[in-house]
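*Asks:* Have a look at the structure that comes next, please.
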Amino acid sequence: MYEKSENIADKAILEKFEFRNIKQEEAGQAIIIEQICFPPHEACSEQNMKDRISTAPELFLVAVDKKTGKIAGFLNGLATDESVFRDAFFTDASLYNSDGKNIMLLGLDVLPEYRRQGLGRSLVFQYLQREREKGRHTVLLTCLKEKVKMYEKFGFMDQGIANSTWGGEEWHEMGCTLQVEEQKIG
Ligand SMILES: CC(C)(COP(=O)(O)OP(=O)(O)OC[C@H]1O[C@@H](n2cnc3c(N)ncnc32)[C@H](O)[C@@H]1OP(=O)(O)O)[C@@H](O)C(=O)NCCC(=O)NCCS
């Protein structure tokens, strides 16, 4: 369960980075960052990234280095009423349902030079807070075993081995319930 009290973005992070939705003209930066952060068999393709950005920029949170004006990291996803993660969301942005009560997270990327400073954590917490305020119910993702502990620190629970066969690897499905009493999407 996501608790609001966890959403204390480090003051230093907020001083250094601007958190906002991606702009269409930043698609090229996102594509390059994805290629740096993931091996080819796991990375989102150029076309899928462009589709994601044009379809749901409001679910594509970026952290921009205030000094350079460039993206240092991002977290993106799609909304849906489906409640089990499936790989089709990686490749088919048309599955997006803006009123969907759940979010499938599709990519958390932080450029190497910005890692281990709390930026990944801040991106996740800010994202969860935004979606909670929109009335979403659950946020789902898949990750490799080595990242399970990291997402547990962020408030996600390991739901076991996922249906996913992405990149020919074994994935864990993880979920975070956003505390929601009433739906207020739309
Ligand atoms: C994973 C990634 C997003 C982490 O970003 P980051 O900004 O370095 O993360 P943070 O500094 O906020 O670290 C938050 C916590 O995650 C853990 N963590 C960070 N990187 C990790 C890694 N590579 N493996 C396991 N745990 C990690 C840390 O233990 C840290 O907890 P702590 O502060 O209690 O020590 C970044 O390394 C990255 O982009 N990697 C390549 C892409 C990737 O693997 N994305 C996630 C796919 S599921």
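*Asks:* Kindly list, by first and then second residue, each pair from a residue in the range 148-171 that is under 14 Å from Thr138 (Cβ atoms) and open to solvent by 100 Å² or more (accessible area, probe 1.4 Å) to a residue that is more than 13 Å from the ligand (Cβ to nearest atom) and of a type in the set (A, V, I, L, M), limited to pairs with Cβ atoms under 9 Å and residues at least 6 apart or on different chains.
*Replies:* Met157/Met1
*Asks:* I need the full set of residues from the range 100-130 which are of a type in the set (A, V, I, L, M) and in a strand (DSSP E or B), in order please.
*Replies:* Applying the first criterion (of a type in the set (A, V, I, L, M)) to the range 100-130 yields 103-106, 108, 110-111, 119, 123-124, 128.
Passing the criteria: Ile103, Met104, Leu105, Leu106, Leu108, Val110.
*Asks:* Kindly provide the set of residues from the range 85-114 that are of a type outside the set (A, V, I, L, M, F, W, C) and under 11 Å from the mean Cα position of the chain (by Cα), ordered by number. So that I can check it myself, show each step before the final result.
*Replies:* Taking the range 85-114 and keeping what is of a type outside the set (A, V, I, L, M, F, W, C), we get 86-87, 91-92, 94, 96-102, 107, 109, 112-114.
If the condition is that a residue be of a type outside the set (A, V, I, L, M, F, W, C) and under 11 Å from the mean Cα position of the chain (by Cα), then Gly107, Asp109 are the ones that fit.
*Asks:* Among the numbered conditions (1) within 14 Å of the ligand (Cβ to nearest atom); (2) in contact with a helix residue (DSSP H, G or I) (Cβ under 8 Å, 6 or more places away or on another chain), tell me where Pro40 comes up short.
*Replies:* Tallying (1) within 14 Å of the ligand (Cβ to nearest atom); (2) in contact with a helix residue (DSSP H, G or I) (Cβ under 8 Å, 6 or more places away or on another chain), Pro40 fails exactly one: (2).
*Asks:* Continuing with this model, one more query. Kindly indicate whether Ile71 is touching a helix residue (DSSP H, G or I) at 6+ places or on another chain (Cβ under 8 Å) and over 19 Å from Met174 (Cα atoms).
*Replies:* Details: touching a helix residue (DSSP H, G or I) at 6+ places or on another chain (Cβ under 8 Å): yes; over 19 Å from Met174 (Cα atoms): yes.
Considered against the rule, which asks whether it is touching a helix residue (DSSP H, G or I) at 6+ places or on another chain (Cβ under 8 Å) and over 19 Å from Met174 (Cα atoms), Ile71 comes out as yes.
*Asks:* Take the residues in the range 68-91 that are without any contact (Cβ under 8 Å) to a residue 24 or more places away in the chain and open to solvent by 60 Å² or more (accessible area, probe 1.4 Å), then tell me which one is farthest from the ligand (Cβ to nearest atom). It would help to see each step written out before you state the result.
*Replies:* Of the residues in the range 68-91, the ones without any contact (Cβ under 8 Å) to a residue 24 or more places away in the chain are 68-69, 81-82, 88-89.
From what is left, the residues that are open to solvent by 60 Å² or more (accessible area, probe 1.4 Å) are 68, 81-82.
Numbers: Thr68: 17, Asp81: 23, Glu82: 19 Å.
Residue satisfying both the conditions and the ranking: Asp81.
*Asks:* Taking the range 109-121 on its own, how many of its residues are in contact with a strand residue (DSSP E or B) (Cβ under 7 Å, 6 or more places away or on another chain) and more than 6 Å from the ligand (Cβ to nearest atom)?
*Replies:* Kept after step one, since they are in contact with a strand residue (DSSP E or B) (Cβ under 7 Å, 6 or more places away or on another chain), are these residues of the range 109-121: 109-111, 114, 119-120.
When the remaining residues are screened for being more than 6 Å from the ligand (Cβ to nearest atom), the result is 111, 114.
Qualifying residue count for the region: 2.
*Asks:* Still on this model: Does Asp99 meet the test of being in contact (Cβ under 8 Å) with a residue 60 or more places away in the chain, among the acidic types (Asp, Glu) and either open to solvent by 10 Å² or more (accessible area, probe 1.4 Å) or within 16 Å of the ligand (Cβ to nearest atom) (or both)? Give the steps one after another, and end with the answer.
*Replies:* Working: in contact (Cβ under 8 Å) with a residue 60 or more places away in the chain: yes; among the acidic types (Asp, Glu): yes; either open to solvent by 10 Å² or more (accessible area, probe 1.4 Å) or within 16 Å of the ligand (Cβ to nearest atom) (or both): yes.
Criteria met by Asp99.
*Asks:* Name every residue in the range 131-153 that is within 12 Å of the chain's Cα centre (by Cα) and either farther than 19 Å from Asp99 by Cα or assigned to a helix (DSSP H, G or I) (or both), in order of residue number. So that I can check it myself, show each step before the final result.
*Replies:* Going through the range 131-153, the residues within 12 Å of the chain's Cα centre (by Cα) turn out to be 131, 139-143, 151.
Scanning the range 131-153 gives Glu131, Thr142, Cys143, Tyr151.
*Asks:* Same structure again: Within the range 43-57, which residues are more than 13 Å from the ligand (Cβ to nearest atom) and free of Cβ contacts under 8 Å to residues at least 40 places away in the same chain?
*Replies:* We begin by selecting, within the range 43-57, every residue more than 13 Å from the ligand (Cβ to nearest atom); these are 45-57.
Residues satisfying the conditions are Glu46, Gln47, Met49, Lys50, Ile53, Ser54, Pro57.
*Asks:* Starting from residues that are open to solvent by 60 Å² or more (accessible area, probe 1.4 Å) and over 29 Å from Glu170 (Cα atoms), keep the ones in the range 22-37 and report whichever is nearest to the ligand (Cβ to nearest atom).
*Replies:* Result: Lys23.
*Asks:* Identify, please: which residue in the range 115-130 is surrounded by 19 or more Cβ atoms within 10 Å (Cβ to Cβ) and without any contact (Cβ under 8 Å) to a residue 60 or more places away in the chain and is, among those, nearest to the chain's Cα centre (by Cα)?
*Replies:* Among residues in the range 115-130 that are surrounded by 19 or more Cβ atoms within 10 Å (Cβ to Cβ) and without any contact (Cβ under 8 Å) to a residue 60 or more places away in the chain, the one nearest to the chain's Cα centre (by Cα) is Val124.
The values are calculated or read from the model by the stated rules, or taken from the named source; none is laboratory data. For clarity, every value in this text was computed on a predicted model and none was experimentally measured. Because the Cβ atoms are built from the backbone with ideal geometry, glycine has one as well, and the counts that use them run over all protein chains shown. Areas reflect the complete protein model, heavy atoms only, side chains present, ligands, DNA and RNA absent. Shrake-Rupley method; radii C 1.70, N 1.55, O 1.52, S 1.80 Å.
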